[in-house]
1. So which of VAL21, VAL37 is hydrophobic (A, V, I, L, M, F, W, C) and crowded, with 24+ Cβ neighbours inside 10 Å?
2. What number of residues within region 431-441 satisfy the criterion of being under 15 Å from LYS400 (Cβ atoms), more than 23 Å from the chain's Cα centre (by Cα) and part of a strand (DSSP E or B)?
3. Being surrounded by fewer than 19 Cβ atoms within 10 Å (Cβ to Cβ), among the small types (Gly, Ala, Ser) and either touching a residue at least 40 places away in the same chain (Cβ under 8 Å) or over 30 Å from ASP344 (Cβ atoms) (or both) is the requirement here; does ALA255 meet it?
4. Given the structure, is ALA406 within 30 Å of TYR462 (Cα to Cα) and away from the ligand (no atom under 16 Å from the Cβ)?
5. Are any of the residues in region 103-121 closer than 16 Å to ILE179 by Cα, within 16 Å of the ligand (Cβ to nearest atom) and either of a type outside the set (S, T, N, Q) or assigned to a strand (DSSP E or B) (or both)?
6. Does region 334-346 include one or more residues that are of a type in the set (Lys, Arg) and out of contact with any Gly (no Cβ under 9 Å at 6 or more places or on another chain)?
7. Taking into account only those residues within region 239-262 that are among the β-branched types (Val, Ile, Thr) and out of contact with any Gly (no Cβ under 7 Å at 6 or more places or on another chain), which is nearest to the ligand (Cβ to nearest atom)?
8. If a residue has to be buried (at least 22 other Cβ atoms within 10 Å of the Cβ) and away from the ligand (no atom under 16 Å from the Cβ) to count, how many in region 310-321 make the cut?
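The values are calculated or read from the model by the stated rules, or taken from the named source; none is laboratory data. These numbers were taken from a predicted model, which means no experiment stands behind them. Positions of Cβ are generated from backbone atoms using ideal geometry, with glycine treated the same way; all protein chains shown enter the neighbour counts.
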Amino acid sequence: MGIVIRGGTVLTADLTTRADVYCDGGTIQALGPDVEVPTGTEVIDASGCYVMPGGIDPHTHMQLPFMGTRVVDDFFTGTVAGVTGGTTMIVDFVIPDKGGSLLDAVDTWQERASISATDFGFHVAITGWSEAVSEEMGVVTAERGINSYKFFMAYKNAIMVSDEELVAGFSRCREIGAIAAVHAEHGELVFHLQQEMLRRGITGPEGHPQSRPAEVEGEAAARAISLAGVLGVPLYIVHIGAEQAAQAVTRARLAGQRVFGETLAGFLAVDDSVYYNEDWDFAASHVMSPCFKPKGHPEALWRALQSGNLQTIGTDHCTFTVEQKRMGLEDFTKIPNGCGGIEDRMSIAWELGVNTGRITPNEFVAATSTSAARIFNMHPQKGAIRVGSDADLVVFDPEKSKTISAQSQYQENDFNVFEGTTVKGVAVHSLSRGRHIWADGDVRAERGAGRFVYREPYGPAYAGIDRRLALSTPRKVER
Ligand SMILES: [Zn+2]
(Lines give C-alpha, C1' and ligand atoms only; values in the text may rest on other atoms or scores of the structure.)
Protein backbone atom coordinates (compact mmCIF):
# COMPACT_ATOMS: atom_id res chain seq x y z
CA MET A 1 0.00 0.00 0.00
CA GLY A 2 1.25 3.43 -0.92
CA ILE A 3 1.82 6.56 1.10
CA VAL A 4 0.98 10.12 0.16
CA ILE A 5 2.60 13.12 1.81
CA ARG A 6 0.07 15.93 1.59
CA GLY A 7 0.13 19.66 2.08
CA GLY A 8 3.86 20.21 2.34
CA THR A 9 6.32 22.35 0.44
CA VAL A 10 8.62 20.19 -1.65
CA LEU A 11 12.14 21.43 -1.17
CA THR A 12 14.93 20.13 -3.37
CA ALA A 13 18.37 21.37 -4.38
CA ASP A 14 16.86 23.39 -7.23
CA LEU A 15 13.17 23.85 -6.51
CA THR A 16 10.72 25.00 -3.85
CA THR A 17 7.12 24.20 -4.69
CA ARG A 18 3.80 23.28 -3.12
CA ALA A 19 3.13 19.63 -3.99
CA ASP A 20 1.94 16.29 -2.70
CA VAL A 21 4.24 13.29 -3.09
CA TYR A 22 2.79 9.83 -3.68
CA CYS A 23 5.02 6.78 -3.21
CA ASP A 24 4.42 3.13 -3.84
CA GLY A 25 6.62 0.12 -4.45
CA GLY A 26 9.61 1.92 -2.97
CA THR A 27 9.68 4.77 -5.46
CA ILE A 28 8.01 8.12 -6.05
CA GLN A 29 5.00 7.57 -8.31
CA ALA A 30 3.42 10.98 -8.59
CA LEU A 31 4.11 14.55 -7.69
CA GLY A 32 1.96 17.65 -7.89
CA PRO A 33 -0.77 19.66 -6.25
CA ASP A 34 -3.65 17.51 -4.94
CA VAL A 35 -2.36 14.23 -6.33
CA GLU A 36 -5.04 11.55 -6.68
CA VAL A 37 -4.27 8.32 -4.88
CA PRO A 38 -5.96 4.91 -4.50
CA THR A 39 -8.28 4.49 -1.51
CA GLY A 40 -6.50 3.00 1.48
CA THR A 41 -3.35 5.01 0.86
CA GLU A 42 -1.67 6.13 4.09
CA VAL A 43 -1.68 9.91 4.39
CA ILE A 44 1.09 11.87 6.08
CA ASP A 45 0.12 15.45 6.82
CA ALA A 46 2.99 17.77 6.00
CA SER A 47 1.25 21.11 6.39
CA GLY A 48 3.66 23.77 7.54
CA CYS A 49 6.56 21.44 6.72
CA TYR A 50 9.12 20.91 4.01
CA VAL A 51 9.27 17.62 2.14
CA MET A 52 12.89 16.96 1.22
CA PRO A 53 14.99 14.20 -0.30
CA GLY A 54 16.22 11.98 2.55
CA GLY A 55 19.57 13.06 3.91
CA ILE A 56 22.66 11.23 2.71
CA ASP A 57 25.59 11.00 5.08
CA PRO A 58 28.56 10.35 2.81
CA HIS A 59 30.91 9.51 5.67
CA THR A 60 30.20 6.95 8.40
CA HIS A 61 31.98 4.14 10.23
CA MET A 62 29.47 1.71 11.66
CA GLN A 63 30.67 -1.31 13.61
CA LEU A 64 34.29 -0.52 12.77
CA PRO A 65 37.10 -2.26 14.66
CA PHE A 66 39.54 0.60 15.32
CA MET A 67 42.46 1.41 17.65
CA GLY A 68 42.05 -1.77 19.66
CA THR A 69 38.31 -1.48 20.21
CA ARG A 70 35.06 -1.34 18.22
CA VAL A 71 32.68 1.47 17.31
CA VAL A 72 29.52 1.07 19.42
CA ASP A 73 26.97 1.86 16.71
CA ASP A 74 26.33 -1.02 14.35
CA PHE A 75 24.60 -0.67 10.99
CA PHE A 76 21.18 -0.97 12.64
CA THR A 77 21.54 1.41 15.60
CA GLY A 78 23.53 3.87 13.50
CA THR A 79 21.03 4.02 10.64
CA VAL A 80 18.11 4.22 13.10
CA ALA A 81 19.79 7.22 14.73
CA GLY A 82 20.11 8.63 11.22
CA VAL A 83 16.43 8.31 10.28
CA THR A 84 15.32 10.00 13.49
CA GLY A 85 17.27 13.00 12.26
CA GLY A 86 16.22 12.77 8.61
CA THR A 87 19.17 10.85 7.15
CA THR A 88 18.00 7.90 5.08
CA MET A 89 21.21 6.74 3.47
CA ILE A 90 24.83 6.35 4.49
CA VAL A 91 28.01 5.70 2.60
CA ASP A 92 30.28 3.75 4.92
CA PHE A 93 33.97 2.98 4.55
CA VAL A 94 35.16 -0.56 3.91
CA ILE A 95 38.61 -0.64 5.52
CA PRO A 96 40.65 -3.73 4.60
CA ASP A 97 43.52 -4.81 6.85
CA LYS A 98 46.89 -3.66 5.58
CA GLY A 99 47.76 -6.05 2.78
CA GLY A 100 44.33 -7.72 3.01
CA SER A 101 42.01 -8.52 0.15
CA LEU A 102 39.60 -5.77 -0.91
CA LEU A 103 37.00 -8.27 -2.04
CA ASP A 104 37.09 -10.11 1.28
CA ALA A 105 36.71 -6.79 3.08
CA VAL A 106 33.75 -5.81 0.89
CA ASP A 107 32.13 -9.16 1.76
CA THR A 108 32.75 -8.53 5.46
CA TRP A 109 31.12 -5.10 5.25
CA GLN A 110 28.17 -6.42 3.24
CA GLU A 111 27.61 -8.96 6.00
CA ARG A 112 27.82 -6.29 8.73
CA ALA A 113 25.52 -3.97 6.81
CA SER A 114 22.92 -6.70 6.26
CA ILE A 115 21.17 -5.40 9.41
CA SER A 116 20.98 -1.81 8.14
CA ALA A 117 17.62 -0.08 8.57
CA THR A 118 18.18 2.20 5.57
CA ASP A 119 19.96 2.00 2.25
CA PHE A 120 23.72 2.15 2.23
CA GLY A 121 26.67 2.33 -0.11
CA PHE A 122 30.40 1.85 0.39
CA HIS A 123 33.69 3.54 -0.28
CA VAL A 124 36.73 1.23 -0.12
CA ALA A 125 39.90 2.33 1.66
CA ILE A 126 43.24 1.51 0.08
CA THR A 127 45.57 0.75 2.98
CA GLY A 128 48.54 -0.63 1.06
CA TRP A 129 49.63 -1.27 -2.49
CA SER A 130 50.29 -4.41 -4.53
CA GLU A 131 49.44 -5.89 -7.91
CA ALA A 132 46.62 -7.79 -6.18
CA VAL A 133 45.11 -4.60 -4.75
CA SER A 134 45.27 -2.95 -8.15
CA GLU A 135 43.49 -5.90 -9.78
CA GLU A 136 40.87 -6.09 -7.07
CA MET A 137 40.06 -2.39 -7.48
CA GLY A 138 39.07 -3.19 -11.05
CA VAL A 139 36.73 -5.97 -9.89
CA VAL A 140 35.27 -3.92 -7.04
CA THR A 141 34.33 -1.07 -9.38
CA ALA A 142 33.22 -3.17 -12.37
CA GLU A 143 31.26 -5.78 -10.42
CA ARG A 144 30.62 -4.70 -6.83
CA GLY A 145 28.98 -1.31 -7.29
CA ILE A 146 31.64 0.80 -5.59
CA ASN A 147 33.23 3.69 -7.47
CA SER A 148 35.11 5.56 -4.73
CA TYR A 149 38.39 4.79 -2.95
CA LYS A 150 39.77 6.48 0.10
CA PHE A 151 43.44 6.94 0.90
CA PHE A 152 44.61 7.79 4.41
CA MET A 153 47.45 10.32 4.36
CA ALA A 154 47.60 10.04 8.18
CA TYR A 155 47.72 7.28 10.83
CA LYS A 156 51.42 6.45 10.48
CA ASN A 157 52.35 2.85 11.33
CA ALA A 158 48.75 1.85 10.75
CA ILE A 159 46.70 2.54 7.62
CA MET A 160 48.59 5.55 6.23
CA VAL A 161 49.74 5.25 2.62
CA SER A 162 52.96 6.66 1.20
CA ASP A 163 53.07 9.14 -1.68
CA GLU A 164 54.20 6.25 -3.86
CA GLU A 165 51.04 4.34 -2.99
CA LEU A 166 48.93 7.44 -3.41
CA VAL A 167 50.23 8.01 -6.92
CA ALA A 168 49.71 4.37 -7.92
CA GLY A 169 46.23 4.31 -6.38
CA PHE A 170 45.07 7.59 -7.95
CA SER A 171 46.32 6.44 -11.32
CA ARG A 172 44.38 3.20 -10.97
CA CYS A 173 41.21 5.10 -10.00
CA ARG A 174 41.46 6.94 -13.27
CA GLU A 175 41.80 3.74 -15.29
CA ILE A 176 38.75 2.11 -13.78
CA GLY A 177 36.43 5.14 -13.69
CA ALA A 178 36.49 5.74 -9.95
CA ILE A 179 36.82 8.85 -7.82
CA ALA A 180 39.70 9.10 -5.35
CA ALA A 181 39.07 10.35 -1.82
CA VAL A 182 41.62 11.33 0.79
CA HIS A 183 41.86 11.80 4.52
CA ALA A 184 44.09 14.84 4.15
CA GLU A 185 46.53 15.22 7.03
CA HIS A 186 50.34 15.12 6.90
CA GLY A 187 50.82 11.87 8.81
CA GLU A 188 54.58 12.24 9.30
CA LEU A 189 54.23 15.71 10.77
CA VAL A 190 51.42 14.59 13.07
CA PHE A 191 53.53 11.67 14.28
CA HIS A 192 56.49 13.94 14.92
CA LEU A 193 54.39 16.45 16.87
CA GLN A 194 52.71 13.70 18.89
CA GLN A 195 56.12 12.46 20.04
CA GLU A 196 57.08 16.04 20.82
CA MET A 197 53.97 16.54 22.98
CA LEU A 198 54.55 13.32 24.90
CA ARG A 199 58.23 14.21 25.39
CA ARG A 200 57.12 17.48 26.98
CA GLY A 201 54.80 15.62 29.31
CA ILE A 202 51.61 16.66 27.53
CA THR A 203 49.73 13.36 27.68
CA GLY A 204 46.14 14.67 27.97
CA PRO A 205 43.61 15.33 25.18
CA GLU A 206 45.01 18.86 24.71
CA GLY A 207 47.99 17.18 23.05
CA HIS A 208 45.69 16.07 20.25
CA PRO A 209 44.96 19.46 18.62
CA GLN A 210 48.48 20.67 19.35
CA SER A 211 49.88 17.83 17.30
CA ARG A 212 47.44 18.56 14.48
CA PRO A 213 47.72 22.25 13.58
CA ALA A 214 45.59 23.40 10.65
CA GLU A 215 48.59 23.37 8.29
CA VAL A 216 48.67 19.59 8.63
CA GLU A 217 45.39 19.49 6.74
CA GLY A 218 46.23 22.30 4.35
CA GLU A 219 49.47 20.70 3.20
CA ALA A 220 47.96 17.29 2.62
CA ALA A 221 44.92 18.66 0.80
CA ALA A 222 47.13 20.70 -1.53
CA ARG A 223 49.41 17.72 -2.17
CA ALA A 224 46.55 15.36 -2.96
CA ILE A 225 45.01 17.97 -5.25
CA SER A 226 48.26 18.43 -7.16
CA LEU A 227 48.73 14.70 -7.63
CA ALA A 228 45.11 14.19 -8.69
CA GLY A 229 45.33 17.10 -11.10
CA VAL A 230 48.38 15.75 -12.90
CA LEU A 231 47.03 12.21 -12.95
CA GLY A 232 43.62 13.34 -14.17
CA VAL A 233 41.52 11.77 -11.46
CA PRO A 234 38.54 13.44 -9.77
CA LEU A 235 39.18 13.96 -6.08
CA TYR A 236 36.95 14.16 -3.01
CA ILE A 237 38.51 15.42 0.21
CA VAL A 238 36.71 14.02 3.22
CA HIS A 239 36.12 15.77 6.54
CA ILE A 240 37.69 19.18 5.93
CA GLY A 241 38.08 21.01 9.21
CA ALA A 242 40.71 23.60 8.40
CA GLU A 243 40.34 26.80 6.45
CA GLN A 244 43.64 25.98 4.69
CA ALA A 245 42.18 22.78 3.23
CA ALA A 246 38.99 24.54 2.15
CA GLN A 247 41.15 27.17 0.43
CA ALA A 248 43.13 24.49 -1.37
CA VAL A 249 39.89 23.07 -2.75
CA THR A 250 38.71 26.55 -3.72
CA ARG A 251 41.94 27.33 -5.59
CA ALA A 252 41.81 24.03 -7.45
CA ARG A 253 38.20 24.57 -8.50
CA LEU A 254 39.03 28.06 -9.71
CA ALA A 255 41.79 26.53 -11.81
CA GLY A 256 39.27 24.15 -13.36
CA GLN A 257 40.02 20.94 -11.50
CA ARG A 258 37.28 18.49 -10.54
CA VAL A 259 37.78 18.52 -6.78
CA PHE A 260 35.10 18.22 -4.14
CA GLY A 261 35.24 19.00 -0.44
CA GLU A 262 33.26 17.55 2.44
CA THR A 263 33.03 19.13 5.83
CA LEU A 264 31.34 17.76 8.94
CA ALA A 265 28.40 18.97 10.97
CA GLY A 266 30.70 18.91 14.00
CA PHE A 267 33.37 21.04 12.34
CA LEU A 268 30.74 23.66 11.52
CA ALA A 269 29.66 23.91 15.14
CA VAL A 270 32.52 23.17 17.53
CA ASP A 271 36.02 24.61 17.97
CA ASP A 272 39.17 23.28 19.64
CA SER A 273 38.51 24.90 23.02
CA VAL A 274 36.80 21.61 23.98
CA TYR A 275 40.20 19.91 24.25
CA TYR A 276 41.34 22.31 26.95
CA ASN A 277 38.37 21.53 29.21
CA GLU A 278 39.50 20.36 32.65
CA ASP A 279 37.14 17.40 32.55
CA TRP A 280 39.28 14.68 30.92
CA ASP A 281 36.24 12.63 29.81
CA PHE A 282 34.69 15.65 28.11
CA ALA A 283 37.90 16.65 26.33
CA ALA A 284 38.74 13.07 25.30
CA SER A 285 35.24 12.45 23.96
CA HIS A 286 35.96 15.11 21.32
CA VAL A 287 39.10 13.38 20.08
CA MET A 288 38.75 12.63 16.40
CA SER A 289 40.98 13.13 13.38
CA PRO A 290 41.17 15.62 11.92
CA CYS A 291 40.52 17.47 15.16
CA PHE A 292 38.25 20.41 15.88
CA LYS A 293 40.09 23.57 14.85
CA PRO A 294 40.62 26.93 16.53
CA LYS A 295 37.94 29.63 16.46
CA GLY A 296 37.53 31.13 13.01
CA HIS A 297 37.77 27.86 11.13
CA PRO A 298 34.07 26.92 11.49
CA GLU A 299 33.10 30.31 10.04
CA ALA A 300 35.55 29.82 7.15
CA LEU A 301 33.95 26.45 6.42
CA TRP A 302 30.52 28.06 6.33
CA ARG A 303 31.81 30.63 3.85
CA ALA A 304 33.21 27.84 1.69
CA LEU A 305 29.81 26.12 1.74
CA GLN A 306 28.03 29.35 0.97
CA SER A 307 30.22 29.96 -2.06
CA GLY A 308 29.79 26.39 -3.25
CA ASN A 309 33.46 25.57 -2.85
CA LEU A 310 32.68 22.86 -0.31
CA GLN A 311 29.85 20.62 -1.45
CA THR A 312 28.83 18.19 1.26
CA ILE A 313 28.21 17.98 4.99
CA GLY A 314 28.91 14.56 6.48
CA THR A 315 29.56 13.39 10.02
CA ASP A 316 32.40 10.84 10.14
CA HIS A 317 30.00 9.08 12.52
CA CYS A 318 32.34 6.85 14.55
CA THR A 319 31.04 6.45 18.08
CA PHE A 320 32.89 5.37 21.19
CA THR A 321 31.73 5.47 24.79
CA VAL A 322 33.48 7.56 27.40
CA GLU A 323 34.77 4.30 28.90
CA GLN A 324 36.39 3.35 25.59
CA LYS A 325 37.97 6.79 25.37
CA ARG A 326 39.69 6.05 28.68
CA MET A 327 42.00 3.65 26.85
CA GLY A 328 44.03 6.81 26.34
CA LEU A 329 44.06 8.07 29.93
CA GLU A 330 47.86 7.98 30.09
CA ASP A 331 48.52 8.90 26.47
CA PHE A 332 46.28 10.97 24.18
CA THR A 333 47.56 9.12 21.10
CA LYS A 334 45.77 6.02 22.40
CA ILE A 335 42.34 7.65 22.75
CA PRO A 336 40.07 5.99 20.17
CA ASN A 337 39.48 8.60 17.46
CA GLY A 338 35.89 9.34 16.60
CA CYS A 339 32.68 11.19 17.48
CA GLY A 340 29.01 10.74 16.61
CA GLY A 341 26.79 13.03 14.62
CA ILE A 342 24.49 11.20 12.21
CA GLU A 343 21.44 11.82 14.36
CA ASP A 344 21.87 15.59 14.55
CA ARG A 345 23.56 16.41 11.23
CA MET A 346 20.47 17.74 9.47
CA SER A 347 19.16 19.80 12.38
CA ILE A 348 22.58 21.27 13.15
CA ALA A 349 23.11 22.23 9.51
CA TRP A 350 19.63 23.78 9.39
CA GLU A 351 20.01 25.64 12.67
CA LEU A 352 23.49 27.00 12.00
CA GLY A 353 23.14 27.25 8.22
CA VAL A 354 19.58 28.15 7.26
CA ASN A 355 18.30 29.81 10.45
CA THR A 356 21.31 32.15 10.45
CA GLY A 357 20.98 32.96 6.75
CA ARG A 358 24.37 31.48 5.83
CA ILE A 359 22.86 29.10 3.27
CA THR A 360 19.46 28.87 1.60
CA PRO A 361 17.05 25.98 2.20
CA ASN A 362 17.84 24.69 -1.31
CA GLU A 363 21.57 24.87 -0.62
CA PHE A 364 20.90 22.95 2.57
CA VAL A 365 19.33 20.11 0.57
CA ALA A 366 22.28 20.12 -1.81
CA ALA A 367 24.82 19.98 1.01
CA THR A 368 23.04 17.31 3.06
CA SER A 369 21.78 15.08 0.25
CA THR A 370 21.82 15.92 -3.45
CA SER A 371 25.49 16.84 -3.91
CA ALA A 372 26.59 13.54 -2.36
CA ALA A 373 24.21 11.69 -4.70
CA ARG A 374 25.63 13.54 -7.70
CA ILE A 375 29.29 13.27 -6.75
CA PHE A 376 29.03 9.55 -6.04
CA ASN A 377 26.97 8.75 -9.13
CA MET A 378 23.62 7.78 -7.64
CA HIS A 379 21.50 10.76 -8.66
CA PRO A 380 18.53 10.88 -9.30
CA GLN A 381 17.92 7.48 -7.70
CA LYS A 382 18.94 9.23 -4.49
CA GLY A 383 19.00 12.89 -3.50
CA ALA A 384 16.01 13.86 -5.65
CA ILE A 385 12.24 14.16 -5.51
CA ARG A 386 11.24 13.04 -8.98
CA VAL A 387 8.89 10.43 -10.36
CA GLY A 388 10.95 7.22 -10.39
CA SER A 389 13.40 8.25 -7.68
CA ASP A 390 13.65 6.09 -4.56
CA ALA A 391 11.08 7.22 -2.00
CA ASP A 392 13.67 8.31 0.55
CA LEU A 393 11.90 11.34 1.95
CA VAL A 394 11.89 13.54 4.99
CA VAL A 395 9.13 15.72 6.35
CA PHE A 396 11.00 18.51 8.07
CA ASP A 397 9.27 20.91 10.43
CA PRO A 398 11.13 24.25 10.41
CA GLU A 399 9.17 25.50 13.44
CA LYS A 400 9.71 22.54 15.75
CA SER A 401 12.56 22.77 18.26
CA LYS A 402 14.52 20.28 20.26
CA THR A 403 17.48 20.39 22.59
CA ILE A 404 20.17 17.87 21.76
CA SER A 405 21.31 15.61 24.57
CA ALA A 406 23.08 12.30 24.99
CA GLN A 407 20.31 11.43 27.49
CA SER A 408 17.67 11.29 24.79
CA GLN A 409 19.67 10.29 21.71
CA TYR A 410 19.29 7.09 19.69
CA GLN A 411 23.03 6.81 19.00
CA GLU A 412 24.58 4.09 21.15
CA ASN A 413 27.34 6.17 22.73
CA ASP A 414 26.94 8.20 25.90
CA PHE A 415 28.21 11.53 24.66
CA ASN A 416 27.16 14.15 22.14
CA VAL A 417 29.38 16.89 20.73
CA PHE A 418 26.27 19.07 20.29
CA GLU A 419 25.09 18.55 23.89
CA GLY A 420 22.74 21.31 25.01
CA THR A 421 22.34 22.91 21.58
CA THR A 422 18.75 23.89 20.82
CA VAL A 423 17.88 23.47 17.17
CA LYS A 424 14.79 24.83 15.45
CA GLY A 425 14.02 22.57 12.50
CA VAL A 426 13.65 18.81 12.97
CA ALA A 427 12.72 15.75 10.94
CA VAL A 428 9.22 14.64 11.96
CA HIS A 429 8.80 11.81 9.43
CA SER A 430 11.33 9.78 7.44
CA LEU A 431 10.61 7.36 4.63
CA SER A 432 13.13 4.84 3.43
CA ARG A 433 12.23 3.49 -0.01
CA GLY A 434 8.59 4.18 0.72
CA ARG A 435 8.55 2.65 4.20
CA HIS A 436 7.42 5.07 6.89
CA ILE A 437 10.10 4.32 9.48
CA TRP A 438 10.20 7.50 11.56
CA ALA A 439 6.76 8.75 12.46
CA ASP A 440 6.77 11.74 14.77
CA GLY A 441 8.70 10.19 17.63
CA ASP A 442 7.91 6.59 16.76
CA VAL A 443 10.71 4.41 15.33
CA ARG A 444 9.34 1.74 12.99
CA ALA A 445 12.61 0.73 11.39
CA GLU A 446 13.28 -2.91 10.63
CA ARG A 447 16.61 -4.67 10.92
CA GLY A 448 17.90 -5.55 7.49
CA ALA A 449 15.33 -3.60 5.48
CA GLY A 450 18.01 -1.38 3.95
CA ARG A 451 19.57 -2.30 0.64
CA PHE A 452 22.97 -1.80 -0.91
CA VAL A 453 23.02 1.03 -3.45
CA TYR A 454 25.00 -0.07 -6.49
CA ARG A 455 26.99 2.75 -8.06
CA GLU A 456 28.26 2.53 -11.64
CA PRO A 457 31.77 3.64 -12.66
CA TYR A 458 32.07 7.17 -14.05
CA GLY A 459 32.34 7.86 -17.76
CA PRO A 460 35.77 8.89 -19.11
CA ALA A 461 34.94 12.60 -19.33
CA TYR A 462 34.63 12.73 -15.55
CA ALA A 463 38.41 12.65 -15.19
CA GLY A 464 38.68 16.02 -16.93
CA ILE A 465 39.31 16.32 -20.64
CA ASP A 466 42.29 18.64 -20.83
CA ARG A 467 44.39 16.66 -18.39
CA ARG A 468 43.41 13.36 -19.93
CA LEU A 469 44.59 14.51 -23.36
CA ALA A 470 47.82 15.78 -21.92
CA LEU A 471 48.54 12.37 -20.48
CA SER A 472 47.23 10.27 -23.32
CA THR A 473 49.22 12.07 -26.02
CA PRO A 474 52.74 12.37 -24.61
CA ARG A 475 55.29 13.98 -26.94
CA LYS A 476 58.23 12.03 -28.15
CA VAL A 477 60.99 13.79 -30.08
CA GLU A 478 62.63 11.70 -32.82
CA ARG A 479 66.39 12.33 -33.01
ZN1 LIG B 1 36.24 8.76 8.68
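1. On the way: VAL37 fails: crowded, with 24+ Cβ neighbours inside 10 Å.
Only one candidate passes the filter, namely VAL21.
2. Qualifying residue count for the region: 1.
3. Judged against the criteria, ALA255 is a match.
4. Working: within 30 Å of TYR462 (Cα to Cα): no; away from the ligand (no atom under 16 Å from the Cβ): yes.
No; evaluated as a whole, the condition is false for this residue.
5. The answer is yes; a qualifying residue exists.
6. No, there is no match, as no residue in region 334-346 is of a type in the set (Lys, Arg) and out of contact with any Gly (no Cβ under 9 Å at 6 or more places or on another chain).
7. VAL259
8. Qualifying residue count for the region: 2.
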